[in-house]
Protein chains: 2
Amino acid sequence: MQFGLRLVTQAVLCKTQRVLLSARSLGTSNPRFPKHQPENWFSKRGKRLTSAGNTMTEVDPKVEAILQPLRDAVKQQGDIVRKLKEEKAPEIDIKRAVADLKTKKKALEDKELELEPKDAQFDRVKMEDLLKQRFFYDQAFAIYGGVNGLYDFGPMGCAMKANLLNAWRKHFILEEQMLEVDCSMLTPEPVLIASGHVERFSDYMVKDMKNGQCFRADHLIEAHLEKLLTDKKLADDVKEKAAKILSVIDGLTKEEMGSIMKTYNMKSPVSGNDLSEPVAFNLMFSTSIGPTGTVKGYLRPETAQGIFVNFKRLLEFNQGKLPFAAAQIGNSFRNEISPRSGLIRVREFTMAEIEHFLDPEDKSHPRFKDVADLRIPLHSACNQLDGKPVQVMTLGEAVEQKIINNQTLGYFMGRIYLFMTKCGVDPTRFRFRQHMSNEMAHYACDCWDAECKTSYGWIECVGCADRSCYDLKQHQKATGVTLSASKQLPEPKTVEFVEPQMQKGVIGKAFKKDGKAVIDFIAAMDKEEVEAMDRALNDRKEFAVNVNGQEFKITPEMVSIKRYEKTVHVEDITPGVIEPSFGIGRIMYAIFEHSYRQREGDEQRRYFSLPPVIAPYKCSVLPLSGKAELDTIVSQLSKALTNLDISHKVDDSGGSIGRRYARTDAIAIPFGITVDFDSLKEPHTATLRERDTMKQIRASVDELPQIVSDLANGRRSWEDVLSNYPLFEQQESSK
Amino acid sequence: MQFGLRLVTQAVLCKTQRVLLSARSLGTSNPRFPKHQPENWFSKRGKRLTSAGNTMTEVDPKVEAILQPLRDAVKQQGDIVRKLKEEKAPEIDIKRAVADLKTKKKALEDKELELEPKDAQFDRVKMEDLLKQRFFYDQAFAIYGGVNGLYDFGPMGCAMKANLLNAWRKHFILEEQMLEVDCSMLTPEPVLIASGHVERFSDYMVKDMKNGQCFRADHLIEAHLEKLLTDKKLADDVKEKAAKILSVIDGLTKEEMGSIMKTYNMKSPVSGNDLSEPVAFNLMFSTSIGPTGTVKGYLRPETAQGIFVNFKRLLEFNQGKLPFAAAQIGNSFRNEISPRSGLIRVREFTMAEIEHFLDPEDKSHPRFKDVADLRIPLHSACNQLDGKPVQVMTLGEAVEQKIINNQTLGYFMGRIYLFMTKCGVDPTRFRFRQHMSNEMAHYACDCWDAECKTSYGWIECVGCADRSCYDLKQHQKATGVTLSASKQLPEPKTVEFVEPQMQKGVIGKAFKKDGKAVIDFIAAMDKEEVEAMDRALNDRKEFAVNVNGQEFKITPEMVSIKRYEKTVHVEDITPGVIEPSFGIGRIMYAIFEHSYRQREGDEQRRYFSLPPVIAPYKCSVLPLSGKAELDTIVSQLSKALTNLDISHKVDDSGGSIGRRYARTDAIAIPFGITVDFDSLKEPHTATLRERDTMKQIRASVDELPQIVSDLANGRRSWEDVLSNYPLFEQQESSK
């Protein structure tokens, strides 16, 4: 793949200013950086781009009848954009057509959202209360007034997170034999200059001229215009103009935003004071490494760079062979201007990232057949252009029809789907959405976001991108260290080599102390660069190189070009990269919403139906009373569960058993053993209750820990247990 | 316990400027901060304080005869210090006597080290080469030239670290039902002002006046004087003076260091340029949270504060009951002036910390009996004062004899010992050393460091401290939020209450907009403070309070004091804290050294004898050749091992089987299954080899995965396997 798209910010970031680093055209590695990038891989989609509804459910023909004209309008405009691209129309014309397309897509998406059946039971505030109350997570430093965008996980959230990460490690690293690394979060500046973050990882902000309060420029404009649009007496043309701005707000340049703010005379929504012009605000936390104050560093904005800078070691560890995958779990940081949306947009977050390095000319995957038959909801760029809804199809079909670019990408999408649904994501509220670039005119790229539908709309939880060879090339360029792998050729071939022959003495004499740097620079040139130098030396008798920010004039006396042919059996290639990137906090949030339940007829009994694999505790042990005889059995059970590595909670706090079940339900404990007075009879028995069905069986105390272990580890189903042990019937009451 | 010592920096930090926050005297919570604190819980001990040698081995009477006079000298001086303390002698006299004591202790420790039998085989450089070569860990950002004090863990180090942390989580959090939290690393300044870090978490540094290079002042002085002492022609009085400075270098003030540098005319050891005066350099990485630049934050220097600020939520989660323990695993950061000693002194590191909250008047532990009979090498403060060697005794005896302050502290020391030895720390190179304060004159405290002996000397890997109620009180004071627990009294008691009665109108009128803050401040006063105010209002008719940096004069018109008695059944107490704090990187390093081996007679075959519980992979699968028939069996084995959660590595890279064994040994894989040509016969069998003994058995391919699983999880011993399966005899060669 020759085009490369680098979404530096990944799944967890999902942001306006995604750093799109793309190769401008075939055959050149010259990156092209759009001035301002499309936002809203989350926040806007959260509010509007909730297309497609419940992706796995039936389509309602009445709804479709309403949507059809809107779909047609999108399709019509999409075709215009396609045509303009084909005709290589002037950029300005394409840009206008794309803006129109976005307006039409937004109308379709708004309508889709409006027509979706609402979950009447779901109340986000109540769910979040339960999460706080049971200390799954809460605002960090609350006793000090709190800090926006920072959260602490309590015992329940922390255990769930540890379980989720263990499941991730098992599902990806162990099962796929990936190479895990654990790299430094503190990152020196040159690394992030090479990756593009220092220059481009930023949002535009405006400042209150009097009190210094800061706002994200696009959020401010958006809020202002949305408020304006609520005015029913607004003239149609004003309305239309405002709506148009809203639909392209992700793509506005700094200058456009400044001019819009002037036109609408926007002031601080808090103080009413004047605002500054929009300025770019880099979202990395900066710090200084060491005591001198001269070594600038940042907290890493993603974990991926740690893998790239270790590529050589990892390749060597893998005995020089491609393909291989490296993975990293760890925290990243992002200094949001104004964090909101709870756990979804935070300043410090855990990611799990995979970089699968492969031969860019062979993206097949030997295990693709294991996932080829999975039926998965896909929202392709093409269908989005055509105004079509999400399409459920097998990964095999999608790769065959080139909807998904290649097998490896498809394989990871399948593995992601299996992981997410195993951990409690509702498959009917899951989809893969293919990236549509706002700069559709300019490049192709394949990148799919695994999105979960929540009360915030569709949120991106995992990104799965084919990033081509971009990252390794950038670091190679910045360091002069070759980051390539040897590829055995199917048959030997004759290759023309072009090598600069340097007169080191002449260079040294001319450039003195800089001589060595110039020599190293020339030695590291790739074939294209040497050819360019050769042409320049022939035509103009000089060639300028820029080394460490200084320019040096190379003359024919310093360098001559040697050309020769050689038969080679291997060739050096820069590996391509497929990158699945997981936002752990976002996945947790989606799972919370998808597993939040309320007992029928009892408003007070809210709980989380988490699957055992990620439930904080697997089991509770509840003595019916504080009697000492029961204690012995409780201790015996607790010890046996510990020996089986089954995390559990003994709740001997008193209170009715119903009340205690409600409490253990609220922290998502799937199984509960109750030691009652019948337990005292020999042979000792106790009851076992399952959270979701609330059904109970009675079994021997010796057997129960193993039964729970089998249930918790998925070796046995609850149905199977139910049919093998006597049912224990007793009314459950929360009073 | 009324005295409190807060070692903010903990195990992993072990530093000069440990922030000693201590209560000055009984009954007051007024902290006393020594200007400069003793260093060298690690770095100096690393080089010199290697007392006691192999703690579990026999004492050599010849060695003891040489040491005896030195021991006597320490004891004599120790007694002098004790006597001066008893007599409450002037501080200056005690300080001098302590300095003399340290000189004598150093002489003893130097001699002990000199007389220790050396491990002739051990070569740190070769071990570190192996660690790099197999990518356990290596310098971070090496292709960019690297950054001192930052390391990346490769696949092997990362898997080992994950296994170590899982073992930790199981041993501590699961088995003890602790409440785990996962808190923000970014920390706003007020939190770290309250904890004392902003003011005191610093080292002294000097700067090259011309090129700005920085040095740690104490390191510089030390290096200068040590170089001086190598001069054989040096006059005795000069020698003695230099040695004396070296022995007290940990306790030097900024002024003393400045004056020493002048006396010896010290220059930059690199450039020879003049140096600045010593200045305090705060070791926290600072950054700015949010876009305004006004919210200052730091990267946390320890994980403990995250637990303290969540105390209320955790207590509530535990249904208001004491005792309970909270734990956190995560990264902390420390901006070392000049990191050295590899993995031991780094700028970013993983810690695992426990805060066990308890009733300060009841530090018994119900499970103490489980560890009471463990025989553990203890180096008590008293024995250190007496010049005695490490003493092996049971924890039961140590607590009974009050050598260890209380059962809970002793319980954790036992659990730490079990954890460390389980994970591969050599028990003969392990000891607990009790903290001796350099300010012995001023306070008592109980704190023990779990130390491992390495080629750097004894290094502190775990701290286990009784920190009294200091931390919660500090945060309570800073926030006004009550951080206490209710304690049921054994019988009701009558308590005198003293309450300020405020005339809020008068206060509001006097202080206007600050009135509310003053009212809140007075309402949050504790009993002692109210009493002090009462006295002042009676005696001087006014009392000054300092609120938010401003002084306000309180008059009798504003506040009167109400006194009354009440019978109470519960009382509010600020819980005490026992804190075990683990430096994960240091523990890993100690394990590397303790498990590093070389095959007899084969210099090239070096390996790590890691216990299966933390070995990166549990098993290798080695097909003898690339034949397709063998592949089927290899796949079958790999699948079965994955199903049993056994991490493993298939090495089908070719090369002799001996060479491949050597390679798997080097990455510490404890078990290896070899599929050979006999494996093709029905029923299929393969060989199983154990790393340390190099013995092999032959068993059926169906059985082998379960055998490995049992071995890896400690359910079965290798001896047991050896005696149940036919031995497979074959020469192992690395050629």
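The values are calculated or read from the model by the stated rules, or taken from the named source; none is laboratory data. Note that this is a predicted model, so its numbers are computed, not measured. Glycine also receives a Cβ, built like all others from the backbone with ideal geometry; neighbour counts cover every protein chain displayed.
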Taking first residues from segment A:220-233 that are assigned by the TED database to the domain that holds residue A:258 and second residues anywhere that are assigned to a helix (DSSP H, G or I) and β-branched (Val, Ile, Thr), the pairs with Cβ under 8 Å that are 6 or more apart or on different chains are A:221/A:245; A:221/A:249; A:221/A:260; A:222/A:249; A:225/A:245; A:228/A:238
Breaking point among (1) modelled with pLDDT under 90; (2) more than 7 Å from chain B (Cβ to nearest Cβ); (3) farther than 30 Å from residue A:272 by Cβ, for residue A:238: (3)
For the list (1) at the interface with chain B (Cβ under 7 Å from one of its Cβ atoms); (2) crowded, with 24+ Cβ neighbours inside 10 Å, I need the number of the one condition that residue A:175 fails. (2)
Scan A:259, A:271, A:276 and give me the residue that is closer than 30 Å to residue A:105 by Cα and not assigned by the TED database to the domain that holds residue A:105. A:259
Take residue B:150 and decide whether it is surrounded by fewer than 21 Cβ atoms within 10 Å (Cβ to Cβ), closer than 24 Å to residue B:352 by Cα and either more than 22 Å from the chain's Cα centre (by Cα) or not assigned by the TED database to the domain that holds residue B:246 (or both). no
Are any of the residues in segment B:137-149 touching a residue at least 40 places away in the same chain (Cβ under 8 Å) and in a helix (DSSP H, G or I)? no
Among the residues of segment B:308-331, are any within 30 Å of residue B:223 (Cβ to Cβ) and in contact with a strand residue (DSSP E or B) (Cβ under 8 Å, 6 or more places away or on another chain)? no
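Does segment A:621-628 contain any residue that is touching a residue at least 60 places away in the same chain (Cβ under 8 Å) and either in a helix (DSSP H, G or I) or under 29 Å from residue A:420 (Cα atoms) (or both)?
Taking segment A:621-628 first, the residues touching a residue at least 60 places away in the same chain (Cβ under 8 Å) are none.
The answer is no, given that none of the residues of segment A:621-628 is touching a residue at least 60 places away in the same chain (Cβ under 8 Å) and either in a helix (DSSP H, G or I) or under 29 Å from residue A:420 (Cα atoms) (or both).
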Filtered residues of segment B:239-253 (kept if touching a residue at least 60 places away in the same chain (Cβ under 8 Å) and either hydroxyl-bearing (Ser, Thr, Tyr) or farther than 12 Å from residue B:107 by Cα (or both)): B:247, B:248, B:249, B:250, B:251, B:252, B:253
Among the residues of segment A:652-663, the number that are surrounded by fewer than 20 Cβ atoms within 10 Å (Cβ to Cβ) and touching a residue at least 12 places away in the same chain (Cβ under 8 Å) is 5
Taking segment B:601-616 as the region of interest, how many residues are over 13 Å from residue B:423 (Cβ atoms), part of a loop (DSSP other than H, G, I, E, B) and touching a helix residue (DSSP H, G or I) at 6+ places or on another chain (Cβ under 7 Å)? 2
If residue B:116 satisfies every condition in (1) touching a Gly at 6+ places or on another chain (Cβ under 9 Å); (2) surrounded by 19 or more Cβ atoms within 10 Å (Cβ to Cβ); (3) in contact (Cβ under 8 Å) with a residue 60 or more places away in the chain but one, which is the exception? (2)
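Residue by residue through segment B:664-700, note down the ones that are outside any helix (DSSP H, G or I) and more than 45 Å from the chain's Cα centre (by Cα). Let's see the steps before the verdict.
So in segment B:664-700, the residues outside any helix (DSSP H, G or I) come out as B:667-676, B:681-700.
Those that are outside any helix (DSSP H, G or I) and more than 45 Å from the chain's Cα centre (by Cα): B:676, B:681, B:682, B:683, B:684, B:685, B:700.
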Can you find, within segment B:495-527, the residue that is surrounded by the most Cβ atoms within 10 Å (Cβ to Cβ) among those that are in a strand (DSSP E or B) and under 43 Å from the mean Cα position of the chain (by Cα)? B:498
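Being in contact with a strand residue (DSSP E or B) (Cβ under 9 Å, 6 or more places away or on another chain), among the charged types (D, E, K, R) and crowded, with 19+ Cβ neighbours inside 10 Å is true for just one of B:597, B:698, B:691. Which residue is that? Lay out the reasoning, then the answer.
On the way: B:597 fails: crowded, with 19+ Cβ neighbours inside 10 Å; B:698 fails: crowded, with 19+ Cβ neighbours inside 10 Å.
Step by step, each of B:597, B:698, B:691 is checked, and only B:691 is in contact with a strand residue (DSSP E or B) (Cβ under 9 Å, 6 or more places away or on another chain), among the charged types (D, E, K, R) and crowded, with 19+ Cβ neighbours inside 10 Å.
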Given the criteria at the interface with another protein chain (Cβ under 9 Å from one of its Cβ atoms), within 24 Å of the chain's Cα centre (by Cα), of a type in the set (Gly, Ala, Ser) and farther than 30 Å from residue A:140 by Cβ, does residue B:159 qualify? yes
Go through segment A:626-642 residue by residue and tally those that are among the β-branched types (Val, Ile, Thr) and within 12 Å of chain B (Cβ to nearest Cβ). 1
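Counting only residues that are basic (Lys, Arg) and under 24 Å from residue A:202 (Cβ atoms), which one in segment A:311-343 is farthest from the other protein chains (Cβ to nearest Cβ)? Full working, then the answer.
Of the residues in segment A:311-343, the ones basic (Lys, Arg) are A:312-313, A:321, A:334, A:340.
Keeping just the survivors that are under 24 Å from residue A:202 (Cβ atoms) gives A:334, A:340.
Numbers: A:334: 11, A:340: 13 Å.
Applying the filter and picking the extreme gives A:340.
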Looking at (1) more than 27 Å from residue A:189 (Cα to Cα); (2) modelled with pLDDT of 95 or more; (3) more than 7 Å from chain A (Cβ to nearest Cβ); (4) buried (at least 21 other Cβ atoms within 10 Å of the Cβ), which is the only condition residue B:218 fails? (2)
Tell me, yes or no, whether segment B:160-172 has at least one residue that is buried (at least 21 other Cβ atoms within 10 Å of the Cβ), among the basic types (Lys, Arg) and over 30 Å from residue A:478 (Cα atoms). yes
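Yes/no per residue for (1) within 20 Å of residue A:456 (Cα to Cα); (2) of a type in the set (A, V, I, L, M):
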position: A:395; (1), (2): no, yes
position: A:402; (1), (2): no, no
position: A:421; (1), (2): yes, no
position: A:425; (1), (2): yes, yes
Given (1) free of Cβ contacts under 8 Å to residues at least 24 places away in the same chain; (2) farther than 16 Å from residue A:591 by Cα; (3) more than 14 Å from chain B (Cβ to nearest Cβ), where does residue A:123 come up short, assuming only one miss? (2)
Would segment A:367-383 turn up any residue that is within 14 Å of chain B (Cβ to nearest Cβ) and on the phi > 0 side of the Ramachandran plot? no
Among the residues of segment A:702-720, is any in contact with a helix residue (DSSP H, G or I) (Cβ under 7 Å, 6 or more places away or on another chain) and farther than 23 Å from residue A:643 by Cβ? no
Give the residue, chosen from B:378, B:409, that is assigned to a helix (DSSP H, G or I) and crowded, with 22+ Cβ neighbours inside 10 Å. B:409
